[in-house]
Amino acid sequence: MMRIRSKVAHWALNIFAGLGLLYLFTPIFFIVAFSFNKPKGNFNIAWQEFTLDNWMHPFAEESLTRALRVSLEIAAVSTLISTVLGSLIAIALSRYKFRGSSGINLFLVLPLTTPEIVLGSSLATLFLGQNFIEFGFTTIVIAHIMFQVSFVALTVRARIRGFDWTLEQAAQDLGASPMRTFTKVTLPLILPGILAASLLAFALSIDDFIITFFNSGNVVSFPLQIYGAARVRIPPQINVLASMILFLSVAVLLSGTIAGMRKEAAKTSAAKPKRRILNKSA
Amino acid sequence: MTTGVTVSRRIGTNADRVGLGAMLVASACLVALGAKWVSGPASSVVLLVLALVLIGVLVLALRGGPEARRLLAPYGLLKPGMLWLALFFLAPVWSLLRISLSTKPSRFSVDYNFSWAFENYSNAFKDFGTQFQHAFVYAAIATVLTVLIGYPLAYVIAFRGGKYKNILLGMVVIPFFTSYLIRTIAWSTILADRGFVVRTFDAVGVVQVLEWLHIMDNGKLLNTPAAVIGGLTYNFLPFMLLPIYVSLEKIDTNLVNAAGDLYSSATRAFRKVVLPLSIPGVFAGTLLTFIPAAGDFVNAQFLGNPNTTMIGNSIQDQFLKQNNYPVASAMSAVLMFSIASLVLLYTKIFGTEDLA
């Protein structure tokens, strides 16, 4: 009796989890399916008929394509700068023990525990009464770097937590200059963490809407274009571009996982012959 | 000569104090300049202090010997990022507070004068009290729902995923690779009045029940509070699920087995072993979900109606459409302070130290 009950509970939980996954994918099915729809009128919201037209002409909506390009440019510039700034902070925090490090740790979390609307509106008040920068590309990039720095610093710090810093000393003992030690020893070892953090920063920048909305001036990024268009028309190209971004990110995710698995496999196969040699000599 | 050497040695051994002090002074200078705390000739003085401090640290690093350099190094690495945050995170908060206490000479003027105008705050509460209430109530309900959906899913992936663990985790994240706005707009189409979901509910005959539960309203699903809460729940689910998963993943399954060996039932083992060990994840997830949800205005805009607007909608409207910066800033400041105090209270009650 007991066993049947626990079995039922076991499967009920699995089914609940399955339904949870289904819930997560509901709008995604919808977005991808409607990229193949031939809409009647301005709004791509009712299923009419199957067509490949939208996928043949993904960049037919000029304003949408332009906005996507602007978003990619913003993400590229802001990711580059924030990756450098954030990684330096992470290296300082994990490499050194210093006065004030706990305060810095707390300070880094603050931007993440502040609602985006507060970050966006307060930054806009900073730009309001001055004559140095006009609202536009530069202010968006500044805003994005501001929230990316914390994410990058925390991600990189988490990834290099177990790093063996005595390797640096070893390199210097063998006569390497500090610069050479950094480029030949430190950087290659912490690079995977930095790359992962920069991918996250890039994704955050591409998708940011609320903070950008407050600091954009006349510049229209991809999310802003969608927001502005949503009340007037929803062309199927939105779905096509969204699906493209989705498939591309899945491809990046998969290639990362596969590369990781290959590395593991290479490690284990490299370890085997060594053992054989040891056996021989013994 | 000897005094000079001892002085420089003393500076050398205390270089960390100098480095930290220089960073703090430089940050304060940037906040003062950015927030227009100082103006005119005073700002040139502050700029000069900033330059002198930075040059001073540089000189100390170049001439102070290896020990001083080692002590100064972390501050050198921190400085670019920290000064960026000082100028574009701290200074804005300061200028937000300043504008929230300012008045505008006329409705269409861009200028504003600082005048301790506390009436902005009372006006914000008087005119937008409902919106504050909506923001906190909707965000709280959405947070509870993300725990109810996210915890079981994270549990199944962490303990029953086996070799498919990473694939399942990837599947949880994949939906969030599409744009936030597109996802929300997709929900508005799914829940639309004559859409698939409403028609299914009609066919099954649960509309009456859902109306009684206040989930549906006059046969509508879209443009109801439930739709807004549903959107918030959906969009912030990964922020709850991932921290819970991380804390569940760390649990040693031997502990659960040990509980079983000691004749504890499965539910009791869960309650006494797994649940307490996963509380840090729930704690972090709650903050990561509630904070952005309370400030959100996208879900209320696309899935709600004029009676379900949240404080984010009002701030956005007052700031960008009405150009009423003082009241918009006052609302932003109230949102910031109330969330900060909620977080503090929450940390006091649940007392988990490691947030990050």
Say whether the condition of being without any contact (Cβ under 8 Å) to a residue 12 or more places away in the chain and within 19 Å of A:ILE91 (Cα to Cα) is met by at least one residue in the stretch B:107-114. no
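Of all residues in the stretch B:143-163, which are touching a residue at least 40 places away in the same chain (Cβ under 8 Å), farther than 11 Å from B:GLY281 by Cβ and under 25 Å from the mean Cα position of the chain (by Cα)? Spell out how you get there, then give the answer.
Going through the stretch B:143-163, the residues touching a residue at least 40 places away in the same chain (Cβ under 8 Å) turn out to be B:143, B:145-147, B:149-151, B:153-155, B:157-159.
Adding the requirement that they be farther than 11 Å from B:GLY281 by Cβ leaves B:143, B:145-146, B:149, B:153, B:157, B:159.
B:THR143, B:LEU145, B:THR146, B:ILE149, B:LEU153, listed by residue number.
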Matching entry among A:PHE202, A:PHE213, A:PHE247, A:PHE222 (being within 26 Å of the chain's Cα centre (by Cα), within 11 Å of chain B (Cβ to nearest Cβ), surrounded by fewer than 21 Cβ atoms within 10 Å (Cβ to Cβ) and modelled with pLDDT of 85 or more): A:PHE247
Within the group B:LEU222, B:LEU241, B:LEU248, which residue is within 14 Å of chain A (Cβ to nearest Cβ) and in a loop (DSSP other than H, G, I, E, B)? B:LEU222
On the given criteria, is B:THR233 assigned to a helix (DSSP H, G or I) and either of a type in the set (A, V, I, L, M) or at pLDDT below 90 (or both)? no
Under 9 Å between Cβ atoms, which residue pairs at least 6 apart in sequence (or on different chains) link something in the stretch A:36-55 that is β-branched (Val, Ile, Thr) with a partner that is assigned to a loop (DSSP other than H, G, I, E, B)? A:ILE45/A:PRO39; A:ILE45/B:ALA192; A:ILE45/B:GLY195; A:THR51/A:PHE36; A:THR51/A:LYS38
Has the stretch B:30-40 got any residue that is assigned to a helix (DSSP H, G or I), surrounded by fewer than 20 Cβ atoms within 10 Å (Cβ to Cβ), in contact with a helix residue (DSSP H, G or I) (Cβ under 6 Å, 6 or more places away or on another chain) and modelled with pLDDT under 85? no
Out of (1) more than 8 Å from chain B (Cβ to nearest Cβ); (2) over 19 Å from the mean Cα position of the chain (by Cα), the one A:SER71 does not meet is (2)
Considering each residue of the stretch B:289-329, count those that are within 11 Å of chain A (Cβ to nearest Cβ), more than 16 Å from the chain's Cα centre (by Cα) and assigned to a helix (DSSP H, G or I), and give that number. 13
Residues that are among the hydroxyl-bearing types (Ser, Thr, Tyr) and modelled with pLDDT of 80 or more, drawn from the stretch B:9-29: B:SER27
If I ask for residues that are polar (S, T, N, Q) and facing another protein chain (nearest Cβ under 9 Å), which ones from the stretch A:1-46 would you list? A:SER6, A:ASN14, A:THR26, A:ASN44
Any hit, the stretch A:127-134, residues being more than 9 Å from chain B (Cβ to nearest Cβ), assigned to a helix (DSSP H, G or I) and either in contact with an Asp or Glu (Cβ under 6 Å, 6 or more places away or on another chain) or not hydroxyl-bearing (Ser, Thr, Tyr) (or both): no
Out of (1) surrounded by 17 or more Cβ atoms within 10 Å (Cβ to Cβ); (2) facing another protein chain (nearest Cβ under 7 Å), what's the single condition that is false for A:VAL109? (1)
Considering only the stretch B:251-267, state which residues are in a helix (DSSP H, G or I) and either closer than 30 Å to B:ASP296 by Cβ or under 35 Å from the mean Cα position of the chain (by Cα) (or both). B:THR253, B:LEU255, B:VAL256, B:THR267
Just a yes or no: is a residue in the stretch B:338-345 free of Cβ contacts under 8 Å to residues at least 40 places away in the same chain, out of contact with any Lys or Arg (no Cβ under 9 Å at 6 or more places or on another chain), hydrophobic (A, V, I, L, M, F, W, C) and farther than 30 Å from A:TYR227 by Cβ? yes
Within the stretch B:236-250, the residues that are surrounded by 24 or more Cβ atoms within 10 Å (Cβ to Cβ) and touching a Ser or Thr at 6+ places or on another chain (Cβ under 7 Å) are B:PHE236, B:LEU237, B:MET240, B:ILE244
Which of the residues spanning the stretch B:88-100 are closer than 17 Å to A:PHE214 by Cβ and either among the aliphatic types (A, V, I, L, M) or in contact with a His (Cβ under 7 Å, 6 or more places away or on another chain) (or both)? B:ALA91, B:VAL93, B:LEU96, B:LEU97, B:ILE99
In the stretch B:251-288, how many are in contact (Cβ under 8 Å) with a residue 24 or more places away in the chain and within 12 Å of chain A (Cβ to nearest Cβ)? 4
Residue within the stretch A:156-167 that is within 12 Å of chain B (Cβ to nearest Cβ) and either buried (at least 16 other Cβ atoms within 10 Å of the Cβ) or among the hydroxyl-bearing types (Ser, Thr, Tyr) (or both) present: yes
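The values are calculated or read from the model by the stated rules, or taken from the named source; none is laboratory data. Everything numeric here is computed off the predicted structure, so don't read it as measured data. Every residue, glycine as well, gets a Cβ built from its backbone with ideal geometry; the counts of neighbours run over all protein chains shown.
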